[in-house]
1. From the set of residues in region 199-228 that are among the charged types (D, E, K, R) and open to solvent by less than 30 Å² (accessible area, probe 1.4 Å), which is nearest to ligand 2 (Cβ to nearest atom)?
2. Just checking, how many residues over region 126-166 are within 11 Å of ligand 2 (Cβ to nearest atom), open to solvent by 30 Å² or more (accessible area, probe 1.4 Å) and touching a Ser or Thr at 6+ places or on another chain (Cβ under 7 Å)?
3. How many residues does region 187-209 hold that are among the small types (Gly, Ala, Ser) and in a loop (DSSP other than H, G, I, E, B)?
4. Those residues that are farther than 17 Å from Val126 by Cβ, open to solvent by 60 Å² or more (accessible area, probe 1.4 Å) and among the basic types (Lys, Arg), I need them from region 260-284; list them, please.
5. Every residue in region 46-69 that is within 22 Å of the chain's Cα centre (by Cα) and within 16 Å of Leu106 (Cα to Cα), please.
6. Between residues in region 6-34 that are within 17 Å of Leu225 (Cβ to Cβ) and residues that are of a type in the set (A, V, I, L, M) and open to solvent by 40 Å² or more (accessible area, probe 1.4 Å), which pairs lie under 6 Å by C-beta distance while being six or more apart or on different chains?
7. Is it true that some residue in region 301-318 is free of Cβ contacts under 8 Å to residues at least 60 places away in the same chain, in contact with a helix residue (DSSP H, G or I) (Cβ under 7 Å, 6 or more places away or on another chain) and assigned to a helix (DSSP H, G or I)?
8. Is there a residue in region 295-316 that is within 16 Å of ligand 2 (Cβ to nearest atom), open to solvent by 50 Å² or more (accessible area, probe 1.4 Å) and of a type outside the set (Asp, Glu)?
Amino acid sequence: MKLLVTGGAGFIGSNFIRHILNKYKTYKIINLDKLTYAGNLDNLLDVASNRRYKFVKGDICDAKLVDKLVPQVDAIINFAAETHVDRSIMESGSFIKTDVFGTHTLLEAAKKHKTARYIQISTDEVYGSIQKGSFTEKSTLSPNSPYSSSKAGGDLLARSYFVTHKVPVLITRASNNFGPFQYPEKVIPLFVTNALEDKQLPLYGDGKNVRDWLYVTDHCKGVDLVLHKGKDGEIYNIGGGNEITNLELTSLILEYTGKGKELIKRVADRPGHDRRYSLNCAKIKRELGYAPSTNFKQLLKSTVDWYAANLWWWKKLKDRDFGSYYKKQYKI
Ligand code: NAD
Ligand code: TDX
């Protein structure tokens, strides 16, 4: 198979490219990535010279470029997106452009060139927040942030191209990922790297918001299953089965970095902050045989150890952004 992976220089996309090249020894990948602040070729140093891998710098909104690449592949896996909720609260235009219009550009090309498979990487955030129970694939979409609304827009557009144009679309909705190469603005790498630098950990609100943590390679395995065994037109939730509050997560990070609770700094809550995400993953388990890892604490500890061992990777990113993003976000 030849795959077009978009957003492959980001956190999950780069882990996915590594997973596919290692597992399928004849597969070829084109990675189309705009290299925004979140795109980083350091994430792929180990595959850069692989003859089955090619990097193309470009925008998924660029119809001419997309139209040139899509006929060369059997499947498109669209990871490209603006992804950070807090940034979408500060500025949302780029989210609409990439997450909605960019998705539209890819779908148009898939329609025109009759691409055999199109996977839209969506998110659990499109369902909104849930106090009790878990969302199934049939739950109503009720996104609460500009980020999740733009992702819901892309998700629904993709679905409509299946219904109207018979584009073989499959949609995945995953929970919060963690692991190596995650940009240090998301809570786990931000808190781990801040703790390692003896900086404060800005915990929003009462710290009781709940997230379901999914190890990134488990997400990649789920997408791999959907790519190879999923049914056209279907949606698959991919969860980790590890629901904890942000406060519990912060305590584990402090334990694994050997730092004390005095580093926790309570800050104002995120506007529109979703209280709890929770996915019912019975469908992907039953239909495709998906099962996530069961050793969350071990995986979190190994993630902490990865950031501790790879300062070269994250230090320059934080130094670069400290003057702009972090200053605006945390008023420091
Ligand atoms: P990320 O922010 O780390 O990476 C996004 C990548 O997309 C970057 O490499 C960036 O350069 C690229 N990109 C952005 N705009 C682009 C454009 N217009 N054209 C081409 N490339 C562009 O994101 P991530 O955490 O790896 O998330 C990947 C996907 O998974 C996203 O679609 C996201 O919504 C979804 N998702 C993420 C999570 C999570 O917890 N991180 C959970 C569920 C779903
Ligand atoms: O500084 C912080 N302090 C804090 O308390 C940050 C950055 C976050 N938080 C809280 C907010 C959330 O309850 O931690 C939780 C996780 O926050 P993020 O890492 O920003 O993730 P979240 O908002 O849950 O969204 C993520 O999961 C789904 C990804 O960013 C999305 O791309 C994905 O779709």
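The values are calculated or read from the model by the stated rules, or taken from the named source; none is laboratory data. Small disclaimer: the values here were computed from a predicted structure and weren't measured. Note: ideal-geometry Cβ built from the backbone for every residue, glycine included; neighbour counts use all protein chains shown. The accessibility values were calculated without ligands, DNA or RNA, using every heavy atom of the protein model including side chains. Shrake-Rupley method; radii C 1.70, N 1.55, O 1.52, S 1.80 Å.
1. Arg211
2. So the answer is 2.
3. Of the residues in region 187-209, the ones among the small types (Gly, Ala, Ser) are 195, 205, 207.
Remaining after also requiring in a loop (DSSP other than H, G, I, E, B): 205, 207.
Residues in region 187-209 being among the small types (Gly, Ala, Ser) and in a loop (DSSP other than H, G, I, E, B): 2 in total.
4. If the condition is that a residue be farther than 17 Å from Val126 by Cβ, open to solvent by 60 Å² or more (accessible area, probe 1.4 Å) and among the basic types (Lys, Arg), then Lys261, Lys265, Arg266 are the ones that fit.
5. Going through region 46-69, the residues within 22 Å of the chain's Cα centre (by Cα) turn out to be 46-48, 53-62, 66.
Correct list: Val56, Lys57, Gly58, Asp59, Ile60, Cys61, Asp62, Val66.
6. Once the first residue is within 17 Å of Leu225 (Cβ to Cβ) and sits in region 6-34, its partners that are of a type in the set (A, V, I, L, M) and open to solvent by 40 Å² or more (accessible area, probe 1.4 Å) give Tyr27/Met1.
7. yes
8. The answer is no, given that none of the residues of region 295-316 is within 16 Å of ligand 2 (Cβ to nearest atom), open to solvent by 50 Å² or more (accessible area, probe 1.4 Å) and of a type outside the set (Asp, Glu).
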